[in-house]
Amino acid sequence: MDKHFNYAPLFDGSNKPICLVGPPGAGKTLTIAKIAANRILHKNRVGVITTDLTRAGAIEQLSSLTRLLKIDLIEVEDPPALRDAIETHQNGEVVLIDNTGRNPFSKGDMFDLRKMISAADMEPVLVLPAGLDAQEGIDIARAFMDVGVRKMIVTKVDMTRRLGSMLSIAHETGLHLCDMSLSPKVTEGLQAVNPVTLARLLLPADVVSAVLKKSTGTA
């Protein structure tokens, strides 16, 4: 696991805004809520911005989640407005940006996304659901890498029995795995991905238990 895959924390200390990108239905909005809830539990100040103004119910879903977390939600529709919104959060806040789902094979969609990402110095992070067709997933990931993505969050792991496509995407593209979602509940945050958590996810529970007992010398 350590040799064949790359890993990176979602937050690397740079204090850049985190901009979640990906195809429609990948789970970006729920992931934003999970990250925000976790940051608040760690006593961080959080700002949430959304560019997803067209999907039916998107604003209502995110605003209801941010309202529960007592976070103001800023809605923007173009790069200048996004830049201005980010500038309002310059006082040590963790800034999270929920982006409209983009068709990775549409030149227009990806051109618009590139303009959004270039509005400010931010970290675009790809959100993909587990269980995709492996080659389709690789093609999707590479399309988003063209706009600057280098990290990936994997969602809907709890709903997937075959995780080979997730590993294929990470291995073939070189993207850094950072987190995964194992539950649809906001209160159950993301799980950091590293060689140990990935091995535990893939191996049967009895194998993991036997290895742990052997390593600790317990009967």
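Quick one: dipole size for the chain, taken about the Cα centre, charges +1 on Lys/Arg Cβ and -1 on Asp/Glu Cβ, in debye to the nearest 20.
760 debye
Extension gain, LEU167 to LEU202: 0.36 nm times the residue separation minus the Cα-Cα distance gives 11.6 nm. The local environment of VAL21, defined by Cβ-Cβ distances under 9 Å, has a net charge of +2 under the rule Lys, Arg +1 and Asp, Glu -1.
Calculated [222 nm] ellipticity per residue, helices only, for the chain: -12000 deg cm²/dmol; basis is -39500 (n - 2.57) per DSSP H run with n ≥ 4, divided by all residues, nearest 500. Applying the criteria of a DSSP loop state and at most 14 other Cβ atoms within 10 Å to the trypsin sites (Lys or Arg not before Pro) of region 23-128 yields LYS43, ARG45, ARG55, LYS70. Is any residue of region 14-28 close enough, with backbone N under 18 Å, to a label point placed 7 angstrom from the Cα of ASP158 along the Cα-Cβ axis, and if so, which? Backbone N within reach: 26-28.
Principal axis analysis of the Cα atoms in region 6-216 yields extents of 56, 39, 32 Å, listed in decreasing size. The angle between the Cα long axis of helix 58-68 and the longest principal axis of the Cα atoms of the chain comes to about 80 degrees, rounded to the nearest 10. Spatial offset of region 130-208 relative to region 1-41 amounts to 12 Å, using the alpha carbon center of each.
Please give the net charge around GLU123, taking every other residue with its beta carbon less than 9 angstrom from that of GLU123, where Lys and Arg add +1 and Asp and Glu add -1. Its environment carries a net charge of +1.
In terms of surrounding Cβ atoms within a 10 Å radius of their Cβ, SER183, SER209 rank from fewest to most as SER209, SER183.
A short reminder: the numbers here are calculations on the coordinates, not readings from a lab. The model shown is predicted, which means the values in this text are computed figures rather than measured ones. Every residue, glycine as well, gets a Cβ built from its backbone with ideal geometry; the counts of neighbours run over all protein chains shown.
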